[in-house]
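Undergrad: Sending over a structure as structure tokens; questions will come in a sec.
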Amino acid sequence: MTLRWNPAVGFGLTLAAVFLFAVLMVFSMFRMFEVENAMRVNAEHNMLWVLHKGEVAALRMAETMALAENNATDQDQISLRFDILLSRIALLNDGPQRRFVEGIGLAKELDDLTLTLEEIQPLIDKFKPADGPRLRATLEPVPRLFGRAANAAMIADWDELGGRLEVYRSHLRQTIASLIGIMLAGGILTVALFLSLRQSRRDNSMLRRERDFSGLLISSSGEGILAVDRTGRCTLWNDAMEKLMGKSAQQAVGRPLRNVAGFFDISPVREGIARALHGHTEHLTLQPLFQPHRDIPLRVDLRFFPLRNDDETLGAILFLNDATDRYKALQKDAQDRDRLEELVSERTRDLDNALQRERSAAKLYRNFAAMVSHQFRTPLAVADSALQRLIRRGTRATPEEINERATRARDAIDGLTRLVDSTMDAARLDAGLIGARRTACDLGQIVNTVCAYQRTTADGRQIVIRQPTEDPGTAFCDPAHAEQVLENLVSNAVKYAAPDTPIVVTYHSDAENLFCDVSNEGNPIPEKERAQIFVRNFRGTNSVGSKGTGVGLFIARTLARMQGGDVSLLSSAETTTFRLTLPRFYESLI
Amino acid sequence: MQTQAGAGLVGVLCVFAFTANAQNDVILRVSGQISGGTVSLDREAISALPSVQIITTTSVTDGKHSFTGFLMRDLLDRLDAEGETVTAIAVNDYVVDIPMADFYDYDVIVADSMDGVALSRADKGPLWIIYPRDEHEVLQDIRYDYRWVWQLSQLEVR
């Protein structure tokens, strides 16, 4: 069968068939009702019988009269026959019968007859045989009248019947035609029904295929897919969802989503579903999803869509995508960025330091002339004057004198050399040229080394080392610098200590730092100078008369600070104590 | 004809005046399967039956008319009529068989007056069987119309 079902044409045809069906049905029913009504036969159509009975009554009246003339009957019979004739006339004069008589044009004859009968009534009531012939003559035309009326009635009846039958036939023909039309319309409807059934079966099978395909897509999707109806009950739950949530479809479908897993009851997810049920699309990214028996949550992206049919929202569909890898990549990116920033700031700091050193060096060179003129002039002057005296004395000079003056000059030059060394040290420090190579150092060993050296050069000055009862551990520092700082502090102490007093070196520690205190008695540093003693080239009033360059403490402090430590003054009234602080552990110098 | 069967009648028939008096003309004779064989009724006997009125159209007159008379079944009951059919015979020799059931299914009366005027023999009197035509559509049919016997004079229960 190659019939194709064009829906528009089919619909129009079906509609037309239904319309035709209804119209023809109503029409034929109308016609049938008409026929049914018309087929009620009324007694008025029984005129032939009425007239026949009237004729019989008239004839019997005449017969009875003839008998009466011969005294063959009695008054009662005459009255009876006359009454019967009268009743026939009365019937004819009544309603429908009267109208019929008028219809056939015999009304006047009937009226005349009625009058005649009224006139002869007295003669009948008191019948005398002598009246017989006159009465018979009077009644003689009555049967003829009934006969004529019967003829007319027959003709009228047949005319009417023929007409009526014709109307029936025409109505029946129309009804038959209508029935044929109804059958045709029914046939069209049947064909339309068959075709639309076939179409619908075809549509159904297509729908089924599409549904199966959708089902396959959903179940094989790597994305978690679920759907909920308007009340929030789960209606769909695919395999990927099962893997993500650890719940099977049997556990999820048909239950309120918030009861399936706590994840769906957290506020953003709940709101997302609510919004989708109100017809909006929603996205959530990198939501933490805690799976059963796992400490580290997955990160999932969620997309909510409303499920619509025309304008009605039937439910919502939710896609859940495992975005853990992306999240990790993002986190790694962030870490890399942090590290990079750290690196940049470190480099920036190095550059700043370099710049600082550059500036210091420039400053050193600028100040160098002034320093030379100020600090170096004195020893130069001493040497110069000693040598001048020598020259002036010439040959007169004794060897002792030469020796003495030369020694003075050499001393002055010696001091100048030391000054130059120190100045260069300070300058190098300023310029950052001395670097710190920090390692874990045994501070006790350094203290011992320094004190042993100082004892050999300090003319028998007593140097006491007080060791801590507990092992203070190691300091984290450059051992050479620590030694230099300690040497400076101990030599200062030796220099400024009151005669015959011991130098006490103590070391101890706390959680973070090691401390080494170097104390001497006498020559306390005046209160107002304490803040300045670490400034370069400052020499305290108590240093008058002793050799010094004024840069020792500056260098000591600078070196200590380079290693994350410090040198500080802890003076009391009797004792001067300098404390070297060194960190125990590595820590950033920033 | 006048009955001589009065002596054999049971009490129930005493309500009817069975008489040989020629003054009281018999207007209805009942015969056939009834107690007493044959019963003749005059006007007085008829008026002793409960009076019933029917207002109805007829097939031979225009408009509605009020008919007064007695229920056919009242009469038949009093006469212990037993049978299927009642043959009604009129003065004018009209004869028709009426199923007995008609009188029990419908309030069929035997009227002796129309619109308050006694029916005369010169019209449809003295008695006319009237069906309650307007109350039952099924009665509006020519097969019932021919049971409206006028000038009724005789009933035969069979």
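The values are calculated or read from the model by the stated rules, or taken from the named source; none is laboratory data. As the structure is a prediction and not an experimental result, all values here were calculated from the model. Heads up, the Cβs are rebuilt from the backbone with ideal geometry, glycines too, and the neighbour counts pull from every protein chain shown.
Undergrad: Would you point out which residue out of A:LEU135, A:LEU189 is assigned to a helix (DSSP H, G or I), in contact (Cβ under 8 Å) with a residue 40 or more places away in the chain and touching a Ser or Thr at 6+ places or on another chain (Cβ under 8 Å)? Steps first, please.
TA: On the way: A:LEU135 fails: touching a Ser or Thr at 6+ places or on another chain (Cβ under 8 Å).
After ruling out the rest, the residue left standing is A:LEU189.
Undergrad: Continuing with the same structure: For the stretch A:68-126, which helices (runs of 4 or more DSSP H) that fit wholly inside it have 2 or more residues that are away from chain B (no Cβ under 14 Å)? Talk me through it step by step, then tell me what you get.
TA: Details: elements: A:75-93, A:95-103, A:107-125.
Helices (runs of 4 or more DSSP H) meeting the threshold: A:107-125.
Undergrad: Which of the residues belonging to the stretch A:491-507 are crowded, with 16+ Cβ neighbours inside 10 Å and not polar (S, T, N, Q)? Reasoning before the result, please.
TA: We begin by selecting, within the stretch A:491-507, every residue crowded, with 16+ Cβ neighbours inside 10 Å; these are A:491-497, A:501, A:503-507.
Residues satisfying the conditions are A:ALA493, A:VAL494, A:LYS495, A:TYR496, A:ALA497, A:ILE503, A:VAL504, A:VAL505, A:TYR507.
Undergrad: Can you find, within the stretch A:146-186, the residue that is farthest from A:ARG99 (Cα to Cα) among those that are in contact (Cβ under 8 Å) with a residue 12 or more places away in the chain and either of a type in the set (S, T, N, Q) or touching a Pro at 6+ places or on another chain (Cβ under 7 Å) (or both)?
TA: A:SER178
Undergrad: Restricting to the stretch A:243-271, name every residue that is closer than 16 Å to A:PHE319 by Cβ, of a type outside the set (A, V, I, L, M) and touching a strand residue (DSSP E or B) at 6+ places or on another chain (Cβ under 6 Å).
TA: A:PHE263, A:PRO268
Undergrad: Let me ask something additional. Among the strands (runs of 3 or more DSSP E) contained in the stretch B:61-158, which hold 1 or more residues that are within 14 Å of chain A (Cβ to nearest Cβ) and under 21 Å from B:GLY32 (Cα atoms)? Quick ask: steps written out before the conclusion?
TA: Values: elements: B:65-71, B:85-90, B:95-99, B:109-114, B:128-130, B:152-157.
Per the criteria, B:85-90, B:95-99, B:128-130, B:152-157.
Undergrad: Please verify whether the stretch B:112-132 includes one or more residues that are over 28 Å from A:ALA57 (Cβ atoms) and more than 13 Å from the chain's Cα centre (by Cα). Spell out the reasoning first.
TA: Narrowing the stretch B:112-132 to residues over 28 Å from A:ALA57 (Cβ atoms): B:132.
Those left that are additionally more than 13 Å from the chain's Cα centre (by Cα): B:132.
Yes, the stretch B:112-132 has at least one match.
Undergrad: Within the bounds of the stretch A:21-31, is there any residue that is within 13 Å of chain B (Cβ to nearest Cβ), over 30 Å from A:GLN199 (Cβ atoms) and not small (Gly, Ala, Ser)?
TA: Checked against the condition, which is being within 13 Å of chain B (Cβ to nearest Cβ), over 30 Å from A:GLN199 (Cβ atoms) and not small (Gly, Ala, Ser), the stretch A:21-31 yields no hits at all.
Undergrad: Continuing with the same structure: Would you point out which residue out of A:ARG349, A:ARG294 is among the basic types (Lys, Arg) and modelled with pLDDT of 85 or more? Spell out how you get there, then give the answer.
TA: On the way: A:ARG294 fails: modelled with pLDDT of 85 or more.
Testing whether each residue is among the basic types (Lys, Arg) and modelled with pLDDT of 85 or more leaves just A:ARG349.
Undergrad: Which residue pairs have Cβ atoms under 6 Å apart, sit 6 or more places apart or on different chains, and have a first residue in the stretch A:497-519 that is free of Cβ contacts under 8 Å to residues at least 60 places away in the same chain and a second that is surrounded by fewer than 16 Cβ atoms within 10 Å (Cβ to Cβ) and charged (D, E, K, R)?
TA: From residues that are free of Cβ contacts under 8 Å to residues at least 60 places away in the same chain, the pairs are A:THR506/A:ARG466.
Undergrad: Okay, next question. Could you tell me whether the stretch A:194-202 includes any residue that is touching a residue at least 12 places away in the same chain (Cβ under 8 Å), over 30 Å from A:LEU48 (Cα atoms) and surrounded by 15 or more Cβ atoms within 10 Å (Cβ to Cβ)? Working first, answer last.
TA: Just the residues of the stretch A:194-202 that are touching a residue at least 12 places away in the same chain (Cβ under 8 Å), to begin with: A:195-196, A:198-199.
If we keep only those that are over 30 Å from A:LEU48 (Cα atoms) as well, we get A:195-196, A:198-199.
Now narrow it down to the ones that are surrounded by 15 or more Cβ atoms within 10 Å (Cβ to Cβ): A:195-196.
Checked the stretch A:194-202: at least one residue is touching a residue at least 12 places away in the same chain (Cβ under 8 Å), over 30 Å from A:LEU48 (Cα atoms) and surrounded by 15 or more Cβ atoms within 10 Å (Cβ to Cβ).
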